[in-house]
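Taking it in order: structure first as structure tokens, then the write-up.
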Amino acid sequence: PYVARWELPGKLSEIDIFIVPSFQEGLCIAALEAMSCGVPVVSTRCGGPENYIVDGENGLLCDHNPTSVSKAVVQLLLDSEKRKQLGECARQTVVERFSVAAQTERFNLLMARQIANLGEAASMPGKD
């Protein structure tokens with residue numbers, strides 16, 4: 001059922017594992033939301049998740065077949081310490097790479113580079 005935005009962190013914090021069994025995925029916001037709540041993600045290798053899930057560090061990546069996905073899920077269900085470790089690292093990943101502060105810093109850095117490039121281009125001889 002529908003969950004109000006402000007209730008989502010509490011609901012996500014109640015789950016043990018978040019599973020993304022997609023054939024194709026970009027930046028999966030739902031997975032990042034789960035990770036931000038300290039929930040480890042089990043995802044198929046389907047494009048996007050490989051850019052933010054480091055297999056065995058902050059989540060698990062598996063092949064896109066039921067055996068591979070269920071094996072990863074069972075592994076985490078049986079190992080609460082690993083689940084906790086992956087969840088903590090998952091949260092840290094989101095804080096370091098996807099938080100407002102991290103994205104603001106990245107945006108400012110990119111803008112500074114663009115401004116520097118414009119200044120260099122404007123000072124090149126022969127440019128009018």
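The values are calculated or read from the model by the stated rules, or taken from the named source; none is laboratory data. Because the structure is predicted, anything quoted here is derived from the model rather than measured. No Cβ is skipped: glycine too gets one built from the backbone with ideal geometry, and neighbour counts run over all protein chains shown. Each accessible area value is taken on the protein alone, full model and side chains, heavy atoms only, with ligands, DNA and RNA left out. Shrake-Rupley method; radii C 1.70, N 1.55, O 1.52, S 1.80 Å.
Observations on the model:
- Evaluated over the chain, the count of Lys pairs having alpha-carbon atoms less than 27 Å apart is 5 (only pairs 8 or more residues apart or interchain).
- Antiparallel DSSP beta bridges within the chain, percent to nearest 5: 0
- Three-way shape label, the chain, alpha-carbon gyration tensor, a/c 1.5: prolate
- Accessible-area rank, largest first, for Phe107, Phe98: Phe107, Phe98, with all protein chains present and a 1.4 angstrom probe.
- Crossing angle, helix 66-78 versus the chain [Cα axis fit, 0-90 degrees, rounded to tens]: 80
- Highest-MSF residue in the chain out of Ile29, Ile15, Ile115 [GNM, Cα springs under 10 Å]: Ile115
- Angle between the chain longest axis and helix 100-122 axis [Cα atoms, degrees, rounded to 10]: 20
- Net charge of Cβ neighbours under 13 Å - reference Cys28; Lys, Arg +1; Asp, Glu -1: -2
- Carbon/sulfur fraction of accessible area - segment 14-128, other protein chains in place, 1.4 Å, %: 56
- Global form of segment 78-128, assessed from the alpha-carbon gyration tensor, a/c cut-off 1.5: prolate
- For the chain, the longest principal axis of the alpha carbon atoms and the long axis of helix 80-98 meet at an angle near 20°.
- Surrounding net charge for Ser99, when Lys and Arg each add one and Asp and Glu each subtract one, Cβ distance under 11 Å: +1
- Total formal charge among the other residues, if their Cβ is under 15 angstrom from that of Val3, Lys/Arg +1 and Asp/Glu -1: -1
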